[in-house]
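Visitor: The structure is given below, and queries will be raised subsequently.
The values are calculated or read from the model by the stated rules, or taken from the named source; none is laboratory data. Bear in mind the structure is a predicted one, so any value in this text is a computation, not a measurement. Here Cβ is always computed from backbone atoms with ideal geometry, including for glycine, and neighbour counts include all displayed protein chains.
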Amino acid sequence: MTIVIGFEGSANKIGIGIVKDGEVLSNPRRTYITPPGQGFLPSETARHHRGAILTVLREALDEARLKPSDIDCVAYTKGPGMGAPLVTVALVARTVAQLWGKPLVGVNHCIGHIEMGRLITGANNPTVLYVSGGNTQVIAYSERRYRIFGETIDIAVGNCLDRFARVIKISNDPSPGYNIEQMAKKGKQYVELPYTVKGMDVSFSGILSFIEEAAHKMLSSGQCTAEDLCFSLQETLFSMLVEITERAMASLWLSGGPDCNLRLQEMMGVMCEERGARLFATDERFCIDNGAMIAQAGWEMFRVGQITELPDSWITQRYRTTWR
Amino acid sequence: MAAPCDPDQLEFALAVPFPSQWEASIAVRSLSPDREPRKGGITRTLSVTENILSVKWTADEARVLRVAIASFLDHLALVMETMDAFGQSVPQ
């Protein structure tokens, strides 16, 4: 029996989860929500995490009904992510690891998502579409490593959606992406946007610039509604994601794919059905950043003896997805 | 506190007492791994003597020094709060 506690705080969520051999014992989380029109900045986000982390840690232990001495290993997000929030979380992880006399494991955030997805869906050897505010990658396991088959060459798909939400002042509560998804359902008109797939890779920054300009012009002249723009943006971005995922699958003959936007799941579902592949999706408890996913990846690493010595436990804002 | 040895360099020294050397050593190991985010213009050294954590910065500009110290103090406070909240159960 191995019990691992995981600390996650690479972006605007601070989460701590405890995992015991594939069972999630607790997974509390707090989200730093900014006013409409504003993104989350590193230093303010770090301040939010500093204010919440010890309460969340207490909750994680209480909910799991565990004492620190029951824990075998402390896992934390080493990267990628925003520097200041990452440091905040790493400081607490390092300190409790020493106070409790437990080994420390630095986890790649992207691997955390993949390992959690594997645990929750039971998918054996998936092709994974990993999309978030900071990352857009099509990943699969090949020749003893996770490898990136396709990715964004500029900004993440979530970043594109978040920044569009800021332009037209959509609420960040519970998340800009969720609110765009709801508005998109009421869209009636498709506004043509650039479509930028480059082989296995995608590019979103040009689409963002285009829609920013179009939004100001078309909304003020009444040519379309904000709902139409949400719908058009989602359809365009998601089609691009489906295309690169399909291409990765074609070269691998495998299946998979997370993210909690229902429209994206629907589009992926159609593509997978046409290919005779199975689509696995996780729900918002586990596809949104959380501590249990870091605990789960940490559990896997700890079991094969990969621990991080304190002098090597620095955080890193850039971190390629290549573990195993 | 400042006693510049290089005439162009600013220097700042901080001494933080902990209840024991055990806590001071934990703090230094928690605070050391991350280097200063800037590539140059500032250096930081941490050390422990008995129960005292000592930190020394040298920097080219006061602005850079101020930012580094402010962020260090935030980090230090968090480590100390963590010890207060979760440290009692493990004397060694």
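Visitor: When you go through (1) within 19 Å of A:Gln137 (Cβ to Cβ); (2) touching a helix residue (DSSP H, G or I) at 6+ places or on another chain (Cβ under 9 Å) one by one for A:Cys224, which number turns out not to apply?
Guide: Unmet condition: (1).
Visitor: Where in the stretch A:60-163 are there strands (runs of 3 or more DSSP E), lying fully within it, with 1 or more residues that are of a type in the set (S, T, N, Q)? Before the answer, list the steps.
Guide: Values: elements: A:73-79, A:104-108, A:127-131, A:136-142, A:145-151.
Filter on the stretch A:60-163 gives A:73-79, A:104-108, A:127-131, A:136-142.
Visitor: Determine which member of the set A:Leu241, A:Leu237, A:Leu229, A:Leu233 is in contact with a Cys (Cβ under 7 Å, 6 or more places away or on another chain), assigned to a helix (DSSP H, G or I) and surrounded by 15 or more Cβ atoms within 10 Å (Cβ to Cβ).
Guide: Numbers: A:Leu241 fails: in contact with a Cys (Cβ under 7 Å, 6 or more places away or on another chain); A:Leu229 fails: in contact with a Cys (Cβ under 7 Å, 6 or more places away or on another chain); A:Leu233 fails: in contact with a Cys (Cβ under 7 Å, 6 or more places away or on another chain).
After ruling out the rest, the residue left standing is A:Leu237.
Visitor: Which residues, counting only those in the stretch A:69-91, are over 30 Å from A:Ile155 (Cα atoms) and surrounded by 23 or more Cβ atoms within 10 Å (Cβ to Cβ)?
Guide: Looking only at the stretch A:69-91, we keep the residues that are over 30 Å from A:Ile155 (Cα atoms), and these are A:69-74.
Across the stretch A:69-91, the qualifying residue is only A:Val74.
Visitor: Moving to a separate point now. Report, by residue number, each residue of the stretch B:21-52 that is surrounded by fewer than 19 Cβ atoms within 10 Å (Cβ to Cβ), facing another protein chain (nearest Cβ under 10 Å), polar (S, T, N, Q) and part of a helix (DSSP H, G or I).
Guide: B:Ser25
Visitor: While we're here: Give me the pairs, please: first residue somewhere in the stretch A:21-50 and within 14 Å of chain B (Cβ to nearest Cβ) and on the phi < 0 side of the Ramachandran plot, second residue anywhere and buried (at least 19 other Cβ atoms within 10 Å of the Cβ) and of a type in the set (Gly, Ala, Ser), beta-carbon distance under 8 Å, and either six or more positions apart or on two chains.
Guide: Short answer, once both residue conditions are applied: A:Pro42/A:Ala84; A:Ser43/A:Ala84; A:Thr45/A:Ala11; A:Thr45/A:Ala84; A:Ala46/A:Ala84; A:His49/A:Gly9.
Residue by residue, here is whether (1) in contact with a strand residue (DSSP E or B) (Cβ under 7 Å, 6 or more places away or on another chain); (2) of a type in the set (Val, Ile, Thr); (3) within 10 Å of chain B (Cβ to nearest Cβ) holds:
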{"site": "A:Leu57", "(1), (2), (3)": "yes, no, yes"}
{"site": "A:Ile71", "(1), (2), (3)": "yes, yes, no"}
{"site": "A:Thr88", "(1), (2), (3)": "no, yes, yes"}
{"site": "A:Val96", "(1), (2), (3)": "yes, yes, yes"}
{"site": "A:Ala123", "(1), (2), (3)": "no, no, no"}
{"site": "A:Gly133", "(1), (2), (3)": "no, no, no"}
{"site": "A:Ser142", "(1), (2), (3)": "no, no, no"}
{"site": "A:Thr152", "(1), (2), (3)": "yes, yes, no"}
{"site": "A:Ala156", "(1), (2), (3)": "yes, no, no"}
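Visitor: Here is a follow-up. Filter the stretch B:53-70 down to residues that are outside any helix (DSSP H, G or I) and touching a strand residue (DSSP E or B) at 6+ places or on another chain (Cβ under 7 Å), then give me how many there are. Spell out the reasoning first.
Guide: In the first step, residues of the stretch B:53-70 are kept if they are outside any helix (DSSP H, G or I); the result is B:53-61.
Next, from what is left, pick out any that are touching a strand residue (DSSP E or B) at 6+ places or on another chain (Cβ under 7 Å): B:53-59.
Result for the stretch B:53-70: 7.
Visitor: Continuing with this model, one more query. Somewhere in the stretch A:182-205, is a residue within 30 Å of A:Ala250 (Cα to Cα), without any contact (Cβ under 8 Å) to a residue 40 or more places away in the chain and in a helix (DSSP H, G or I)?
Guide: Within the stretch A:182-205 (the criterion being within 30 Å of A:Ala250 (Cα to Cα), without any contact (Cβ under 8 Å) to a residue 40 or more places away in the chain and in a helix (DSSP H, G or I)), the answer is no, since none of the residues qualifies.
Visitor: On the given criteria, is A:Gly101 at pLDDT below 95 and among the small types (Gly, Ala, Ser)?
Guide: No.
Visitor: Moving to a separate point now. Quick check on A:Val56: is it β-branched (Val, Ile, Thr) and farther than 15 Å from A:Arg29 by Cβ? Step through it out loud before you land on a result.
Guide: Numbers: β-branched (Val, Ile, Thr): yes; farther than 15 Å from A:Arg29 by Cβ: no.
The answer is no for A:Val56.
Visitor: Same structure again: Can you find a residue in the stretch A:279-290 that is farther than 21 Å from A:Val24 by Cα, within 14 Å of chain B (Cβ to nearest Cβ) and in contact with a Gly (Cβ under 7 Å, 6 or more places away or on another chain)? Before you say what the answer is, go through the steps one by one.
Guide: Start the filter on the stretch A:279-290 by keeping residues that are farther than 21 Å from A:Val24 by Cα, which leaves A:279.
After this cut, where a residue has to be within 14 Å of chain B (Cβ to nearest Cβ) as well, the list is none.
Within the stretch A:279-290, not a single residue is farther than 21 Å from A:Val24 by Cα, within 14 Å of chain B (Cβ to nearest Cβ) and in contact with a Gly (Cβ under 7 Å, 6 or more places away or on another chain).
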